[in-house]
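A short write-up of the structure that comes next.
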Number of protein chains: 2
Amino acid sequence: MNALNVSEYVQTLGLQAKAASALMAKADAATKNKALKALARRLRDSAAELAPANARDIERATAAGLSAPMVDRLKLTPKVIETVALGCEQLAAMPDVIGEISGMKQQPSGIRVGQMRVPIGVFGMIYESRPNVTIEAASLAIKSGNAAILRGGSEAIESNKALADLVSASLAEAGLPVDAVQLVQTTDREAVGQLIAMPQFVDVIIPRGGKGLIERISRDAKVPVIKHLDGNCHVYVDDSAPLDMALKVVDNAKTQKYSPCNAAEGLLVAASVAELFLPEIGAVFAAKGVEMRCDPAAARILRAEGALHGETGTIVDAVESDWSEEYLAAVISIKVVDGVDEAIAHINRYSSHHTDAIITRDHINAQRFLREVDSASVMVNASTRFADGFEFGLGAEIGISTDKFHARGPVGIEGLTSLKYVVLGQGEIRT
Amino acid sequence: MNALNVSEYVQTLGLQAKAASALMAKADAATKNKALKALARRLRDSAAELAPANARDIERATAAGLSAPMVDRLKLTPKVIETVALGCEQLAAMPDVIGEISGMKQQPSGIRVGQMRVPIGVFGMIYESRPNVTIEAASLAIKSGNAAILRGGSEAIESNKALADLVSASLAEAGLPVDAVQLVQTTDREAVGQLIAMPQFVDVIIPRGGKGLIERISRDAKVPVIKHLDGNCHVYVDDSAPLDMALKVVDNAKTQKYSPCNAAEGLLVAASVAELFLPEIGAVFAAKGVEMRCDPAAARILRAEGALHGETGTIVDAVESDWSEEYLAAVISIKVVDGVDEAIAHINRYSSHHTDAIITRDHINAQRFLREVDSASVMVNASTRFADGFEFGLGAEIGISTDKFHARGPVGIEGLTSLKYVVLGQGEIRT
């Protein structure tokens with residue numbers, strides 16, 4: 001396909017998605033759940049048929065010299081397939097929020113006014129290597145009564161096509177329109193440019209992938225984008241923090257896993273507890289090989305003779321850019337602050353408004369932190385690693401948003417819906 | 001000011017608004033209500049001082065040859081001032097939604113997760129002639145804990161400056177930052193271009209005015225816009241409609257006022273009742289001078305000898321563009337449809353997704369209309385004229401949105417807020 005043909009092809013997908021979305025919006029819960037269960041069954045039954053397609057992707061990726069972790073992400077192992085199949089079944093078991101009416105109240109005129117939750121229409125999902133995202137996005141579309149256009153990574157195209165065939169068959173089996181979930185079948189980059197610029201067909205774009213991809217999409221999209229660019233998350237250890245709790249939570253927030261967006265990248269410690277607390281956490285970080293980028297006060301404490309309980313740690317003088325950085329690695333910035341005021345000010349200035357936590361026993365400081373820290377998730381005495389749709393009880397996670405408009409924080413099915421007003425009258429007129 | 005200076009000036013307003021928004025966000029309800037009541041008092045006390053500024057605007061507008069209705073809109077009559085003062089007092093009497101925590105539930109890990117309603121930050125309001133919007137926007141900013149930058153029409157600049165002085169004095173009296181509400185003090189058009197392109201300072205733009213203004217702002221804005229472009233609203237008279245109710249509601253929806261966006265512009269009538277109903281409503285329209293643009297079936301009925309009960313009506317053959325048009329005048333399009341299916345299809349194709357109503361006694365058709373019509377407000381047996389923040393019980397109306405993202409339909413204070421997650425733990429960590 002040339003660029004013009006790609007553009008026309010993606011517009012056709014848009015037109016078809018729009019038509020399918022009207023049918024999906026009125027589908028009942030039983031029909032949508034039937035499709036989800038059929039998809040789970042087909043995934044398990046088709047493991048042998050998925051294998052050759054997946055093998056071709058892996059072969060191509062290996063030949064192209066992709067790194068081992070990149071190739072690993074492509075693999076549709078039995079475990080990966082079982083996980084996505086289970087995910088479909090879990091979605092099927094969840095209550096259907098579509099059609100739900102809330103807040104119905106009688107007004108002085110006599111009319112009753114409430115709000116009905118309805119699908120948003122059509123969403124576009126743009127993602128990189130992992131082919132399992134194809135099933136996650138498809139199942140979310142089905143459950144939420146939306147249509148979806150999926151654009152996976154070019155390295156997973158064969159696997160994605162095989163998976164999309166299973167989705168189509170499952171939709172057909174339940175009597176739902178097969179165009180409700182369409183995979184962009186070309187790897188041409190122009191397809192992404194067109195997908196994000198069709199407000200007449202696509203209501204929202206959800207990108208998943210590296211910061212570069214997400215920045216590009218946010219800049220060029222002509223429709224709303226649900227996204228977060230980075231997760232520069234903080235833990236603040238307050239004056240009254242129980243230090244054993246602080247040690248456990250800070251350790252978990254930083255070291256349980258380095259790559260997630262909800263891992264802590266910055267540690268703030270109240271001056272009154274810094275002399276006591278920093279050597280303890282410093283020893284843990286040193287033992288785990290976590291590099292500490294410190295302000296002068298923290299560096300002085302951590303560089304003191306014997307401070308790290310005999311461990312050898314890497315203490316580096318922080319520079320201004322350290323306060324804004326998302327390391328996604330065994331590195332943390334550390335700063336000693338006067339107290340809760342300076343902590344809140346530092347976080348509101350440098351954090352990426354993703355997730356920030358306070359460790360404290362002080363009720364007033366906890367309340368102030370919750371109210372004044374301008375982040376999507378604010379926590380008291382819990383690890384930032386909990387900022388996740390499943391841990392928050394949403395039953396599914398479409399993504400995490402650091403925007404304030406529409407969805408904020410971990411986004412579940414409701415992020416793919418909107419509320420319309422319903423008015424019930426008995427012939428009332430306006431006077 | 002030259003263009004560069006204007007741009008720098010508006011950026012300074014943005015920086016100041018951002019700083020003020022942090023203080024507004026943590027202001028308590030009593031303080032915000034104190035500012036609102038002070039503003040009401042100052043408005044009533046300052047009628048004599050507002051008059052000269054307003055007189056200068058009116059003089060300039062008259063000299064510039066503005067039409068009489070345009071000049072009328074500029075006038076700060078005692079009645080207008082009393083209305084906005086009362087509006088401030090009504091907002092003060094409303095409960096404060098900021099800080100409200102909802103849905104707090106314990107999760108399997110032990111953490112409790114809920115959502116806190118917080119201000120969205122800074123909004124920009126762009127409006128045309130009426131100076132009273134300055135007070136409406138200022139009072140909404142104060143109540144919702146946001147900061148606002150206001151850009152009124154150039155023809156009302158003197159009045160707006162005088163009103164903005166009252167707002168500043170009221171904020172100061174309550175101990176709130178005066179930069180929480182700032183009026184753009186220049187009438188240079190470049191100011192609008194800068195105001196809508198500062199995502200680092202402004203979180204959402206609310207334009208009020210003609211379609212041209214709103215289209216331009218939506219196209220060029222780099223931040224979300226809460227808006228509706230037009231209100232092509234419909235009433236569908238179903239097979240089982242009580243015809244006396246239909247007559248009353250259709251008449252009200254069309255003729256109670258021609259200019260509002262929630263007035264009906266299209267009438268759909270089920271074929272089974274068209275012969276009975278159309279002559280009745282046709283006679284009403286004819287008597288009131290409402291031009292009827294009809295499809296062939298409706299035209300045939302309305303042009304029949306004696307159909308209009310002796311009234312002389314204007315029956316015009318509709319062309320394709322009539323189905324999409326927002327007349328805002330004594331004109332209505334009329335079409336005979338097979339039944340609820342064709343009515344829903346017609347509305348979803350041609351309406352502006354603002355407000356559409358069905359008149360029916362049939363429960364199943366009513367439910368289908370509510371679920372399947374893809375509009376911001378859907379109504380059964382009520383006049384479309386009710387689509388309004390006050391009639392819906394929101395206590396205030398910032399605007400009406402025909403978008404599905406964030407706010408949809410009449411937007412109250414909640415449209416200027418977002419929900420952040422709050423997590424309460426006792427030292428829980430992720431395993």
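What follows is calculated from the coordinates using simple rules that are stated; it is not laboratory data. From a predicted model like this one, the values you see are computed outputs, not experimental measurements. Heads up, the Cβs are rebuilt from the backbone with ideal geometry, glycines too, and the neighbour counts pull from every protein chain shown.
Under a model in which nothing but the beta-carbon of Lys, Arg (+1) and Asp, Glu (-1) is charged, chain B shows a dipole of about 1540 debye around its Cα centre. Within the stretch B:266-303, whose backbone N sits under 18 Å from a point 7 Å along Cα→Cβ of B:Asp239? Label zone hits: B:268-278. Computed about the Cα centre, the dipole magnitude for the stretch A:18-130 is approximately 320 debye when only Lys and Arg (+1) and Asp and Glu (-1) carry charge, each at its Cβ. Taking Cα centre as origin and charging only the Cβ of basic (Lys, Arg, +1) and acidic (Asp, Glu, -1) residues, the dipole magnitude of the protein assembly as shown rounds to 520 debye. Working note: Karplus 6.51/-1.76/1.60 with θ = phi - 60° gives the stretch A:255-263 the couplings 9, 4, 7, 8, 7, x, 5, 9, 6 Hz, where Gly and Pro are set to x. Against the longest principal axis of chain B, how steep is helix B:29-45, in degrees 0 to 90 to the nearest 10, with axes from Cα atoms? Helix B:29-45 sits roughly 80 degrees off the main axis of chain B. Rounded, prolate or oblate: which fits the stretch A:384-429 when a ≥ b ≥ c are the square roots of the eigenvalues of the alpha-carbon gyration tensor, with rounded for a/c under 1.5 and prolate only if a/b beats b/c? Because a/c hits 1.5 or more and a/b exceeds b/c, the stretch A:384-429 counts as prolate.
For the stretch A:197-227, backbone nitrogen atoms closer than 20 Å to the point 7 Å from B:Asn348 Cα along Cα-to-C-beta are found at A:199-204.
Averaged over the residues of peptide A:218-227, the number of Cβ atoms from other protein chains lying within 10 Å of each residue's Cβ is 1.
Ranked by how many other Cβ atoms sit within 10 Å of their own Cβ, fewest first, the residues A:Leu213, A:Leu267 fall in the order A:Leu213, A:Leu267. Taking other Cβ atoms within 10 Å as a rough exposure proxy, B:Cys294, B:Cys261, B:Cys233 sort from fewest to most as B:Cys261, B:Cys294, B:Cys233.
Amide hydrogen proximity for A:Cys294: with H placed 1.01 Å from N in the peptide plane, the residues at 5 or more positions away or on another chain lying under 5 Å are A:Val316, A:Asp317, A:Ala318, A:Ile334. Compare the Cα positions of A:His363, B:Ala63, B:Ser351 along the charge dipole of the protein assembly as shown (+1 at Cβ of Lys, Arg; -1 at Cβ of Asp, Glu; about the Cα centre) and return the one farthest towards the positive end. The residue sitting farthest along the positive end of the dipole is A:His363.
With both partners inside the protein assembly as shown, how many of the DSSP beta bridges are antiparallel, as a percent to the nearest 5?
25
Applying 0.36 nm per residue to the separation of B:Glu291 and B:Glu414 and subtracting their alpha-carbon distance, the gain on full extension is 40.3 nm. For A:Leu229, the residues whose amide H sits under 5 Å from its own are A:Thr402, ignoring neighbours fewer than 5 places away on the same chain, with H placed 1.01 Å from N.
Starting from the Cα of B:Arg300, step 7 Å toward the Cβ, then list every residue of the stretch B:253-288 with an amide N under 16 Å from that point. Under 16 Å, as judged by backbone N against the label point of B:Arg300, lie B:269-279 of the stretch B:253-288. Note on the stretch A:131-195 and the stretch A:1-41: Cα centroid distance 8 Å, given to the nearest whole angstrom. Distance from the axis that maps chain B onto chain A is least for the Cβ of the chain B residue given, with the whole Å value, as B:His406, 2. Report, by chain and number, residues whose modeled amide H sits under 5 Å from the one on A:Ser418, excluding near sequence neighbours (fewer than 5 apart, same chain). Amide H neighbours of A:Ser418, under 5 Å, 5+ apart: A:Val118, A:Ile120.
Please go through the stretch B:229-318 and write out the trypsin sites (Lys or Arg not before Pro) that DSSP classes as loop and that have at most 15 other C-beta atoms within 10 Å. Filter output for the stretch B:229-318: B:Lys257, B:Arg303.
Partner shielding of B:395-406 amounts to 3, given as the average count of beta-carbon atoms from other chains within 10 Å of each residue beta-carbon. Residue by residue along A:411-420, Cβ atoms of other protein chains within 10 Å of the local Cβ number 3 on average. Within the stretch B:288-424, DSSP assigns beta bridges of which about 20% are antiparallel (rounded to the nearest 5). Phi angles across the stretch B:375-385 convert, under the Karplus curve 6.51 cos²θ - 1.76 cosθ + 1.60 with θ = phi - 60°, into 3J(HN,Hα) values of 10, 5, 10, 10, 10, 10, 6, 8, 6, 4, 4 Hz, Gly and Pro given as x. Pairs exceeding 30 Å between alpha-carbon atoms, taken from A:Lys79/A:Lys404; B:Lys32/B:Lys75; A:Lys18/B:Lys105; A:Lys75/A:Lys227: A:Lys79/A:Lys404; A:Lys18/B:Lys105. Each copy carries a label point for B:Asp341 at 7 Å from Cα toward Cβ; from one copy, the others' points are 7.0 nm away, ordered from shortest.
How far, in degrees from 0 to 90, does helix A:3-26 lean away from the longest principal axis of the Cα atoms of chain A, to the nearest 10? Tilt of helix A:3-26: around 80 degrees.
Note that the stretch B:160-171 has calculated 3J(HN,Hα) couplings of 4, 4, 4, 5, 4, 4, 5, 5, 4, 4, 6, 4 Hz, one per residue in order, obtained from phi through the Karplus relation 6.51 cos²θ - 1.76 cosθ + 1.60 (θ = phi - 60°); glycine and proline are x.
For the stretch B:200-245, the list of trypsin sites (Lys or Arg not before Pro) that fall in a loop by DSSP and count at most 14 other C-beta atoms within 10 angstrom reads B:Lys222. If we hang a label 7 Å off Cα along the beta carbon direction at B:Ala197, how far is it from the matching labels on the other copies, in nm, shortest first? Label-point distances to the other copies, shortest first: 1.8 nm. The calculated FRET efficiency for the pair A:Leu15 and A:Ala51, based on their C-beta separation and a Förster distance of 45 Å, comes to about 0.85. Its DSSP H runs of at least 4 residues, each contributing -39,500 (n - 2.57), put the calculated 222 nm mean residue ellipticity of chain A at -14000 deg cm²/dmol, to the nearest 500.
Compared with the dominant Cα axis of chain B, that is its longest principal axis, helix B:132-144 is turned about 60°. Beta bridges from DSSP with both residues in chain B: antiparallel share about 30 percent, rounded to the nearest 5.
Sorted shortest first, the distances from the A:Ser46 label point to those of the same residue in the other copies are 6.8 nm; each point sits 7 Å from Cα along Cα-to-Cβ. Size descriptors for the stretch B:209-351 (Cα atoms only): Rg and Dmax, in that order, 16.1, 58 Å.
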